[in-house]
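Have a look at the structure below before the remarks.
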Amino acid sequence: METRQNNRAIASLVFARMIYAINWLNIGAIFVLLEPDLGSGVGGLGTLTSAFYLGIGLMQLPGGVLAARWGAKNTVVLGIFLSSFSALGTAVASSIPVFTILRFIVGSGMALVFAPGVVIIARLLSGERTGTGVGLLNSAYDVGGVVGIFGWVVLATITGWRPSLALSGGLGVATGVIVLATVPQDAPSEDFRVDPLMLRRIIADKQLILLGLATFGLSIGNIVVSSFMGYYAVKTFGIPTTLGGAIQGLVVAVPIFAAYLAGRVYDGSERPRALMALAVLGGSMALVLGAYPNVWSAVVCSALDGVASGLGFTVAFAGAKDLNRAGDRYAGLAVAWVNCISLTGSFLTPLVYSFLVVSASYAVGWLGCAAISFGFLVPALLMSKRFRP
């Protein structure tokens, strides 16, 4: 009976993660359709994307603290509802400033979901298969990403972008109800208080900081490709919006199985540092390919970054939990801290890319971000060879 309940809970978290990915990625995919109504080009897309990553980055640590105090399930449900209702609101937004505020709130809500979700799914998988659990969540994100990028381009082309965003926000609200009903309640301790010494221990942990910086380097490529590739391909090569969405969708289609397999590799690896370094290198090389003005180069860029992301993000978040030395109650906070370093820094990426494109060219935008990403190979190489005690 308990196994059946756990399987239902895992299934609901996987489904919620898929819809979460749709609400994360569909804006970049359909921005070509939003552009005439909002009156803004690549600079507007950069602003929306930056606001989203600022929200999701800044709220990571508060989300981790809330999960430690209030319980992982309650925090996940709150985050799903906050992000989904805000995503629903974007369907009626009429200007870039309003859209930007709503995307900031969407990101803030999503910040409350992932790290506590990692803790829950690791517990449901008996707590010993961190990599497998993270890989499963990341594969679910990639499946949702394919739907959110390519599927939402088709849907928005047929129905209009506003109904498509209303649907994705509504689906998000529904997943909040499902998770609330199926995931076992983790009993929060009314006497529990986040120990400032433990919090400082996590924040000052050199290995977690290095892992966060390496993850930031990986995120640069993933953000540029998953947010801008479709728009870039349509504007540069004159291809149909649906084909641009298909090319962009490769960044999440390729790692659907790679993320889960990466989790299995991580669980059996004695040197995950090498896996993280390889992922950062692959992500930066993908951006170099993006600079070459050719449709096939864009295809390979998106696919290669998908492979790098599937490997790197799985290693990063499983590694964050395993590097935690502050006790199980703080595992979500350790994951949140790594995510915080990565995503808070990432809010600059869309601004840098769009600035380089507007002031110079798309090629300069791709190569500039590739150079920055490559620099974050250094933190990955400085990490300990082994993440586990």
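Odds and ends about this structure:
- Residue within segment 230-247 that is closer than 24 Å to Gly135 by Cβ and buried (at least 22 other Cβ atoms within 10 Å of the Cβ) present: no
- Any hit, segment 31-43, residues being hydroxyl-bearing (Ser, Thr, Tyr) and modelled with pLDDT of 85 or more: no
- Within the option set Ile105, Ile101, being surrounded by 20 or more Cβ atoms within 10 Å (Cβ to Cβ) and assigned to a helix (DSSP H, G or I) holds for one residue only, Ile105.
- Any hit, segment 222-237, residues being assigned to a helix (DSSP H, G or I) and within 14 Å of Gly312 (Cα to Cα): yes
- Where Ile220 falls short, out of the listed (1) under 25 Å from Phe376 (Cβ atoms); (2) modelled with pLDDT of 90 or more; (3) surrounded by fewer than 22 Cβ atoms within 10 Å (Cβ to Cβ): (3)
- Of residues in segment 343-389 being surrounded by 20 or more Cβ atoms within 10 Å (Cβ to Cβ) and not in a helix (DSSP H, G or I), the one modelled with the lowest pLDDT: Phe387
- Of the residues Leu25, Leu112, Leu33, the single one that is crowded, with 19+ Cβ neighbours inside 10 Å and part of a helix (DSSP H, G or I) is Leu25.
- The listed residues are Ala140, Ala115, Ala111, Ala156, and the only one of them that is closer than 17 Å to Val338 by Cα and modelled with pLDDT of 80 or more turns out to be Ala111.
- The set of residues from segment 266-284 being without any contact (Cβ under 8 Å) to a residue 12 or more places away in the chain and not in a helix (DSSP H, G or I) comprises just one member, Ser269.
- Residues that are out of contact with any Cys (no Cβ under 9 Å at 6 or more places or on another chain), of a type outside the set (A, V, I, L, M) and assigned to a helix (DSSP H, G or I), drawn from segment 36-62: Pro36, Asp37, Gly43, Gly44, Gly46, Thr47, Thr49, Ser50, Phe52, Tyr53, Gly55, Pro62
- Test: Ser86 is more than 23 Å from Tyr353 (Cβ to Cβ), at pLDDT 90 or above and among the small types (Gly, Ala, Ser): yes
- Put simply, of Ala303, Ala318 the only residue that is in contact (Cβ under 8 Å) with a residue 40 or more places away in the chain, touching a Gly at 6+ places or on another chain (Cβ under 6 Å) and among the small types (Gly, Ala, Ser) is Ala318.
- Hits in segment 295-342 (condition: under 16 Å from Gly221 (Cα atoms) and assigned to a loop (DSSP other than H, G, I, E, B)): none
- Identity of the residue in segment 290-335, acidic (Asp, Glu) and surrounded by fewer than 24 Cβ atoms within 10 Å (Cβ to Cβ), that ends up modelled with the highest pLDDT: Asp322
- Pairing each residue of segment 210-224 that is within 16 Å of Ile56 (Cα to Cα) with any residue that is of a type in the set (D, E, K, R) and in a helix (DSSP H, G or I), provided the two are 6+ apart or on different chains, yields C-beta distances under 7 Å for Asn222/Asp305.
The values are calculated or read from the model by the stated rules, or taken from the named source; none is laboratory data. Source: prediction; values computed, not measured. As a convention, Cβ positions derive from the backbone with ideal geometry for all residues, glycine included, and neighbour counts pool all protein chains shown.
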